[in-house]
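The values are calculated or read from the model by the stated rules, or taken from the named source; none is laboratory data. Keep in mind the model is a prediction, meaning the values are calculated, not measured. We place every Cβ from the backbone using ideal geometry, glycine too, and count neighbours over all the protein chains shown. For the accessible areas, the whole protein counts, side chains as well, though only heavy atoms, and no ligand, DNA or RNA atoms are used. Shrake-Rupley method; radii C 1.70, N 1.55, O 1.52, S 1.80 Å.
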Amino acid sequence: WDGAGLPSAPGAMGQKRELTAEVAFTEADKECLARLVKDLVKLGAKTDKGEFKEWLKATQKGPRRTWHDPARHDWQTLSDFALAAVAKDAKHAEPLARRHLGWSRWSARRDAWRAWQKDQPRGEVPTKGAWALVARTERHPGFSESYGSLPSHLPGWRRSAKQRPPRWCQTHGLAPEMVGVDCEMCETDVDKRALVGVSVVDARGGVLLKTLVKPPGTIVDLKTDITGLRMKDFKGVKTTLADVQEKLREIVKPNTVLVGHGLVHDLRALRFDHAPVIDTAMLFSYKNLPRSTPGLADLCKRLLSSDMRAAGTHDSVEDARMALELAQWECEQAKPTAPLDPPEDKVDARDLCKLFVHRVPRGTRVADIEGMFAKANGTIGVEHACDIQAVHGKFLGPETPLDASRTTSCYVEFASVEKCNAAFKSLRGAAGTDALGRPQKAVKMVTDDAGAKKSGGGSEPKKRGLRDDVSKMTVAALREALKKRGLATDGLKPALAARLEAATEDDSGSDSDSESDSDSDSDSGSSGSEAEDFSKLTVPKLREALEARGLDTSGLKAALVARLEGAAKKKAAANGKEPTGAKGTDASRDPKSTRLVMVRKMAAHGGRAIGTADKTALDRDVSTVVSGAKRKAGAAEEKKPRRNPRPSRRARLAAKGVYE
């Protein structure tokens, strides 16, 4: 600290000085070194002894030789590797080390300014105006995570020339100058949120900057439904991100306050770091919905009595102005605005029969999404795949190649609202609510990556259609079909349906496999047995297959199945083939994987307004919610008998394909 009570500036540097700074580290740079080494590993930097793992084996002793996480090592070890990498590859590693080192010095300087700001005497702290909104933004629980982690040390990032806290501006008599910022983003093959347009307005609404920006790479999704931009609008556009950053550095000063709604997303798109800021999304909230962020249009309609986006598309100038007007309105209030009532978000009756599925990997097949509602995949308790009318979405397979690093969303439409609600209720997964209190579940979606890489088609739709047909058959029809195939007809409907599905699938696959089976299997009774699930065979069939192989036929069913599977594995090994799995799936195929996706209802229920009543009731109807007194009064009532009596043990085993 200097004599004037301000933080001293030794070691502070601008981004220009970072390019010529000496690469030298101290013990205080431990966190900086950990980040630097991680980036050097990603860059593929090498020393005379090889990459980081090889360097550790050559220079370290004991367990440190296998510590691949840089954060576990002391600063001297990390410094030795970083300096060795810089000496080996000065062209790439040295600029990276300088940026990290400069950012670390600048970050320490920024933290010192913030600590000095917090020590401001209470009588000097503004209670109204722009500086008060800056303080409220910084007190928000998500501020440090959002704005404190802007990676301005990375290539392509810029920082404002001189950042100072409000107390410094007050000391020097500089009044705050609010500037509204809003950006348009698109998706390219190199950036998910690439900048395509930016607007900057001053406190009087005058436009300081409005331009389209040529994004890096090839545009994948221009998000025309949001931005209103089309490819023809970029004809002749030569402005780059670097040009916009340079213009921003000319606009902002130490007392400039950037204002925006969700401003952190705009700063990340601009790759620009500046303080102080006012984020209107952090100034307002909804009652009983702490995770919900109020929309700019809803806030302007309620607080400013102004309707936004009459054209239906996003206008960056309008959004920048309205965010600025909202901040100016809040500056004039005697006290902070209290939490608002949740919006009257009515849902169209036609959308109530849809479920919203998000966090879906791009290129996922429609059949895999529908498979979440198929009982055979184990993700749902009751079969509902046959109730699906359509799946609406983009970036789905097979038109889009599978890309797990990028996600998309879609709507699954059902035949009716009742079937939609029943399907959601039957889904197996962790239940919760979204930011607006709408019920959602985390569901494991079974995906066939091999099928997605080919064409996204295959026999899955046919199998699903087969399961649908079998499930719709009556018990009498099931027994008649099983009798024609010479199979057992005892058991309940689930057991009969499973037995018939297995037999029908075996029949459909016998034609394509008959030639290979005839060449590889010389035993008369074992044709196609390598493609069967032996646990589904009856005891007489098992003994018949064992007798054909000259094996022992005594024992219970479990012993017979194990004996037959062992014989099949030995024969497959002798023929040079992969053995068959216990479920009858070929082990040479790519195993099916599961991906966690989120399935959400369009409304809490009935399409009414989303609010506290819906959040507490969740998936239950309001009429079924009873008070504690009524529940206690009815506790002595006689328990109603089960509508469907529990099946016997024999029937439950038969449903699993086990017969005694």
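Assorted remarks:
- Residue within the range 357-369 that is within 21 Å of Thr433 (Cβ to Cβ), among the hydrophobic types (A, V, I, L, M, F, W, C), open to solvent by less than 10 Å² (accessible area, probe 1.4 Å) and in contact (Cβ under 8 Å) with a residue 40 or more places away in the chain present: yes
- Looking across the range 362-393, the residues that are under 21 Å from the mean Cα position of the chain (by Cα) and either of a type in the set (A, V, I, L, M, F, W, C) or more than 23 Å from Ala404 (Cβ to Cβ) (or both) come down to Val366, Ala367, Ile369, Met372, Phe373, Val391.
- Checked against (1) at pLDDT 90 or above; (2) open to solvent by 10 Å² or more (accessible area, probe 1.4 Å); (3) assigned to a helix (DSSP H, G or I), Pro336 meets all criteria but (3).
- Residue in the range 309-318 that is over 30 Å from Lys425 (Cβ atoms), at pLDDT 90 or above, open to solvent by 50 Å² or more (accessible area, probe 1.4 Å) and of a type outside the set (Asp, Glu) present: no
- Filter result (modelled with pLDDT under 90 and of a type in the set (S, T, N, Q)) within the range 161-187: Gln163
- With respect to the stated conditions, Ala242 fails to be in contact with a helix residue (DSSP H, G or I) (Cβ under 9 Å, 6 or more places away or on another chain), open to solvent by 40 Å² or more (accessible area, probe 1.4 Å) and under 30 Å from Glu145 (Cβ atoms).
- Which listed residue is touching a residue at least 12 places away in the same chain (Cβ under 8 Å), over 36 Å from the mean Cα position of the chain (by Cα) and in a helix (DSSP H, G or I), from Ala97, Ala132, Ala108, Ala84: Ala84
- Residue check for Asp368: of a type in the set (Asp, Glu) and either over 29 Å from Ala495 (Cβ atoms) or in contact with a helix residue (DSSP H, G or I) (Cβ under 6 Å, 6 or more places away or on another chain) (or both): no
- Pair list, Cβ under 7 Å, 6 or more apart: the range 36-56 residue open to solvent by 30 Å² or more (accessible area, probe 1.4 Å), other residue of a type in the set (S, T, N, Q): Lys49/Thr59
- Condition broken by Val382, with the remaining ones in (1) in contact (Cβ under 8 Å) with a residue 40 or more places away in the chain; (2) part of a strand (DSSP E or B); (3) open to solvent by 10 Å² or more (accessible area, probe 1.4 Å); (4) under 16 Å from Asn421 (Cα atoms) satisfied: (2)
- Subset of the range 81-92 [modelled with pLDDT of 90 or more and open to solvent by less than 70 Å² (accessible area, probe 1.4 Å)]: Phe81, Ala82, Ala84, Ala85, Val86
- Residues in the range 270-307 that are farther than 23 Å from Pro166 by Cα, open to solvent by less than 20 Å² (accessible area, probe 1.4 Å) and touching a helix residue (DSSP H, G or I) at 6+ places or on another chain (Cβ under 9 Å): Leu270, Leu289, Pro294, Leu296, Leu299, Cys300.
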